[in-house]
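Engineer: Pasting a structure below so you can have a look.
Any read-out appearing in this document is the output of simple, stated calculations on the displayed coordinates, not a laboratory observation. These numbers come from a predicted model, not from an experiment. We place every Cβ from the backbone using ideal geometry, glycine too, and count neighbours over all the protein chains shown.
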């Protein structure tokens with residue numbers, strides 16, 4: 001069953017829609033690039049940042065501004081409370 005679930009995940013990720021991945025070191029402009037790209041192509045942003053998912057971690061997490069969150073659909077930003085565990089496995093299932 002786990003292999004089937006992974007296969008379905010891979011199938012969704014490799015559908016006819018492109019998946020753009022932006023990665024790089026801290027303070028390299030990833031967020032600005034992702035916002036500009038999302039606006040240009042009408043995309044949503046999926047954050048893979050381990051801190052931005054927690055509502056209480058605003059300092060030091062470089063979360064998008066309230067305006068950016070309003071303008072572009074974001075996923076995994078401010079979705080969990082700090083007491084709720086959220087693992088890489090949880091991310092793989094929910095993403």
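Engineer: Say whether the condition of being closer than 16 Å to residue 95 by Cβ and surrounded by 15 or more Cβ atoms within 10 Å (Cβ to Cβ) is met by at least one residue in the stretch 63-76.
Structural biologist: yes
Engineer: Taking the residues in the stretch 78-95 that are touching a strand residue (DSSP E or B) at 6+ places or on another chain (Cβ under 8 Å) and surrounded by 13 or more Cβ atoms within 10 Å (Cβ to Cβ) as candidates, determine which candidate is nearest to residue 45 (Cα to Cα).
Structural biologist: Ranking the candidates gives 95 first.
Engineer: Here's a follow-up. Restricting to the stretch 35-63, name every residue that is in a loop (DSSP other than H, G, I, E, B), under 16 Å from residue 18 (Cα atoms) and in contact (Cβ under 8 Å) with a residue 12 or more places away in the chain. Write out each step before concluding.
Structural biologist: Filtering the stretch 35-63 for residues in a loop (DSSP other than H, G, I, E, B) gives 42-44, 47-53, 55-63.
Of the ones still in play, those that are also under 16 Å from residue 18 (Cα atoms) are 42-44.
43, 44 - these are the residues of the stretch 35-63 that are in a loop (DSSP other than H, G, I, E, B), under 16 Å from residue 18 (Cα atoms) and in contact (Cβ under 8 Å) with a residue 12 or more places away in the chain.
Engineer: Mind counting the residues in the stretch 64-85 that are in a loop (DSSP other than H, G, I, E, B), closer than 14 Å to residue 34 by Cα and touching a helix residue (DSSP H, G or I) at 6+ places or on another chain (Cβ under 8 Å)?
Structural biologist: The total comes to 2.
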